[in-house]
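Read the structure below first, then the notes.
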Amino acid sequence: MKKSTLATTMALAASCLLPTSAQTIDSSEQPGSPAAMRPSKLDTITVLGTRTETSVQNSPASVSVIDRYEIERQAPESIAELIRDVPGVEVVDASAAGMKRIRIRGESSQRVTILVDGQEITDHSTFGTPILVDPANVERIEVIRGPASVLHGAKAIGGVVNIITRRGGDGPIGLEVGGTWYSGSNGWQGWSALSGSVGDFDYRLSVSGDDHNDRKVPKGQYTPTGRLDGTSYNNRDVSLHLGYTLGAERNHHIALKVNQHKLETDSWTSPSTLQYPITDFNISLPKRDLTKVGLYYDGENLSPLVRKVHVDAYYQKVDRLFSNTVTMQPLPIMSVGVNSTSDDRNVNYGGTAQVDLQFYPSHYTIAGVQYLMDDLDTAKNSTTSTTRSIPMQPPMKTVRYNPRRDRASLRTLSAFVQDEWSITDDFKLIGGLRYYHVKSSLDKSSQPIEAGRGGSTTDRLVKSLGMTYTGISNTTLRALYSEGYIMPTLLQMFTDTTAGSGSPTHGNPGLAPETSRNIEIGARYSGGGLVLDATAFYTKAKDYITTQPCVAGICPASAGAGDYGYVNANSADSFGLELLAEYAIPGSSFTPYASGAWMRREVNVGPLSTYNSATPALSGRLGLRYDDTWAGNDIWADLYMRGSTHSLQTVRSSAGVDSTDRLPGWASLNLSVGAESGRDTRQQFALHFNNILDKEYRASRDELPGTGRNVVLTYQVKF
């Protein structure tokens, strides 16, 4: 092994031998230091794992929480970067730097549910939902690793990310201003917010923007110039929160949240893409705009029976413009150029109603219904130009223009119930069911709708069963069985496209849902300055949607030779360990920590079965944090290494020939320092030195090459 890869392997192996980094410590054990004044991360309250307020320590699910304290220290350019170090999580931006998505436990980003304040953000594409939320407007982020379709809806095969936005401030009026400079893209990010509370009314108005130029990377295999062409992007965001508390006991709260987010991003083409017969490949994403309006009501302690009622409703609209150009030369005398555009509008509306009931002291029951309507209006245009050059003859050029417009919808109605049974003071069982009724339809099309291809209705019951045991001091043992479920996207069912490969791919309304089953066991410990969260899991998924050459029953009768269609053909078995730990050294301000995941993933793609599934065996972060006070100011430093071992990907060609691609292991050395001062006026400053050794690396095949040696400078002030 190369020295850098060996060092990465040894460091990450060490991180897995340590307990793991849940990122904070037991405050009762280490008085006197700023780090000790924060409650243990395992004491943090989360609602994602059970849809009830439960500490991370006692949740049966694999839950991680990133709070506002951590968000302010990291100066992230995106939400995805905030959760990069959660074990089992990978960032995905493929070729578009501004469109970051998330993979969890090896599952593609389209199998991860993205929620904002508990409401789903949908994106009917084969790439998954990008996380386009301003980090400065986020209170905390909760992440479930593993299937969670019983409580959080379809799509949650890989996991769930719930982004909770901020509410009003404590005083009548407060102003926050912040900015960040990124040397790696010569880019900037700025934001400001006005917030407060007046009587029973609370409010927050925030605006933000960023602008990034092409990324600077070490010269090497990805670029000879040190600059990654096509990686510039910019965002603009405006958010409003209005809330009102009422009732004699102030136990009712209503809120209105409005958000508008606009994104423009270029696209980078990997040199490996330009292989025979492809000579040119380009993607452009000039627009992805989101507008969302959400209404919320929460009532607590309404009676001895009704402990809580939650109702929400929302409307959101996503406008997206996509362009793809592919040039191929399959023969010396032939050149084929395909230009595809897609102008989409995705409209969602729906809501959830949930009631928490306590029929008996030992039972806590929740029940609810959820409705989600997805409407996709897409206009796709494809132009194929074929040029034949025969010696001694004039070139022959033919052009085929294929416009198409479709409007399709997906309506999901579901009902769920969960009961938490305290069998003893130390032992709990948590069981849940959700019933889905889904109707898909192709409502309009510029092409004739063939019989049997206009839509379908699907019903599905998914289940979960968890257990926690707290009979050992400072320890929680847990076990969980959970199921995942995801309907095909509207694009996979009803639309035709030539984007990506240049060959027409047809929708298939007969696709079955993708499903998964997951078993995991875990242990959490918090005491004596040590925090530990360890999980072992096994997931079996089937009916993955892929493409294959058209045959009868898959593609419409109008499909041509060489066309493709979507089918349920692939499956995967995944298993691994996820570990987080940290230890506050007694009598000091130092806290060594580690987070890591070991995972194996076997994919079955048609006749091919392989563990070479582009998943590194070991990945994670290892570091040493320092927290102290100086002259009345809080100061901190964090020295850490992030990396993974190598990954292999084996694919089989249509001729039955296997080929394996290797992505080397990597490691980056990083240092962050910061300080916070003031009482009435709080100022925060942080300086981040990233990839100090200027290593060329690519974290995964679905992520852009990493930025070279760079500095991030951030400052914010609160009045």
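The values are calculated or read from the model by the stated rules, or taken from the named source; none is laboratory data. Note that this is a predicted model, so its numbers are computed, not measured. Cβ: placed from backbone, ideal geometry, glycine included. Neighbour counts: every protein chain shown.
Annotations
- All conditions but one from (1) part of a loop (DSSP other than H, G, I, E, B); (2) farther than 25 Å from G187 by Cβ; (3) touching an Asp or Glu at 6+ places or on another chain (Cβ under 7 Å) apply to M99; the one that does not is (2).
- Here the condition is being assigned to a strand (DSSP E or B), closer than 23 Å to A367 by Cα and at pLDDT 85 or above; of I157, I144, it holds for I144 alone.
- Among residues of the stretch 251-299, those that are assigned to a loop (DSSP other than H, G, I, E, B) and either buried (at least 18 other Cβ atoms within 10 Å of the Cβ) or among the basic types (K, R) (or both), counted: 3
- Hey, Y436 over 25 Å from the mean Cα position of the chain (by Cα) and among the aromatic types (F, W, Y) or not: no
- Candidates are the residues of the stretch 60-117 that are polar (S, T, N, Q) and under 21 Å from H261 (Cα atoms); the one that is surrounded by the most Cβ atoms within 10 Å (Cβ to Cβ) is S109.
- One residue stands out in the stretch 367-401 among those that are β-branched (V, I, T) and within 30 Å of G454 (Cβ to Cβ): the one that is surrounded by the most Cβ atoms within 10 Å (Cβ to Cβ), namely T378.
- Count - residues of the stretch 688-719 that are within 30 Å of G171 (Cβ to Cβ) and either hydrophobic (A, V, I, L, M, F, W, C) or crowded, with 17+ Cβ neighbours inside 10 Å (or both): 6
- All told, D319 meets the bar of being surrounded by fewer than 18 Cβ atoms within 10 Å (Cβ to Cβ) and in contact with a Lys or Arg (Cβ under 6 Å, 6 or more places away or on another chain).
- Matching residues in the stretch 515-534 - criterion: being within 14 Å of P60 (Cβ to Cβ) and surrounded by fewer than 20 Cβ atoms within 10 Å (Cβ to Cβ): I519, I521, A523
- Residue check for V112: at pLDDT 90 or above, more than 26 Å from D496 (Cα to Cα) and under 11 Å from the mean Cα position of the chain (by Cα): no
- Residue ID - surrounded by the most Cβ atoms within 10 Å (Cβ to Cβ), chosen from residues in the stretch 625-639 that are without any contact (Cβ under 8 Å) to a residue 60 or more places away in the chain and more than 17 Å from I585 (Cα to Cα): I635
- Residues of the stretch 440-449 satisfying the condition of being assigned to a strand (DSSP E or B) and loosely packed, with under 15 Cβ neighbours inside 10 Å: K444
- Test: residue in the stretch 213-235 that is within 30 Å of P172 (Cβ to Cβ), in contact (Cβ under 8 Å) with a residue 40 or more places away in the chain and surrounded by 18 or more Cβ atoms within 10 Å (Cβ to Cβ): no
- Test: Y566 is of a type in the set (F, W, Y) and surrounded by 16 or more Cβ atoms within 10 Å (Cβ to Cβ): yes
- Within the stretch 347-366, if we keep just the residues that are surrounded by 18 or more Cβ atoms within 10 Å (Cβ to Cβ) and touching an Asp or Glu at 6+ places or on another chain (Cβ under 7 Å), the residue that is nearest to A408 (Cα to Cα) turns out to be N348.
- Checking Y538 against (1) surrounded by fewer than 21 Cβ atoms within 10 Å (Cβ to Cβ); (2) assigned to a loop (DSSP other than H, G, I, E, B), the condition it does not meet: (2)
- Within the stretch 300-311, tally of residues that are touching a residue at least 40 places away in the same chain (Cβ under 8 Å) and loosely packed, with under 14 Cβ neighbours inside 10 Å: 3
- Within the stretch 498-520, the presence of a residue that is part of a strand (DSSP E or B), out of contact with any Phe, Trp or Tyr (no Cβ under 9 Å at 6 or more places or on another chain) and in contact (Cβ under 8 Å) with a residue 40 or more places away in the chain is excluded.
- For first residues located in the stretch 345-363 and free of Cβ contacts under 8 Å to residues at least 60 places away in the same chain and farther than 30 Å from L305 by Cβ, partners that are in a strand (DSSP E or B) and aliphatic (A, V, I, L, M) and lie 6+ apart or on another chain with Cβ distances below 6 Å form the pairs Y349/M373.
- Selected residue (criterion: surrounded by the most Cβ atoms within 10 Å (Cβ to Cβ)) from residues of the stretch 42-59 that are part of a strand (DSSP E or B) and in contact with a helix residue (DSSP H, G or I) (Cβ under 9 Å, 6 or more places away or on another chain): T46
- Close pairs (7 angstrom Cβ cut-off, 6 or more residues apart or separate chains): over 22 Å from T539 (Cα atoms) in the stretch 461-487, outside any strand (DSSP E or B) anywhere: Y469/D426; T470/N58; T470/D426; G471/D426; T476/Q57; T476/N58; T476/T470
Condition check ((1) in contact with a Gly (Cβ under 8 Å, 6 or more places away or on another chain); (2) surrounded by 16 or more Cβ atoms within 10 Å (Cβ to Cβ)) across all residues:
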position	(1), (2)
P403	no, no
L410	no, yes
F416	yes, yes
D419	yes, yes
D426	yes, no
G432	no, yes
A451	no, no
T457	no, no
G466	yes, yes
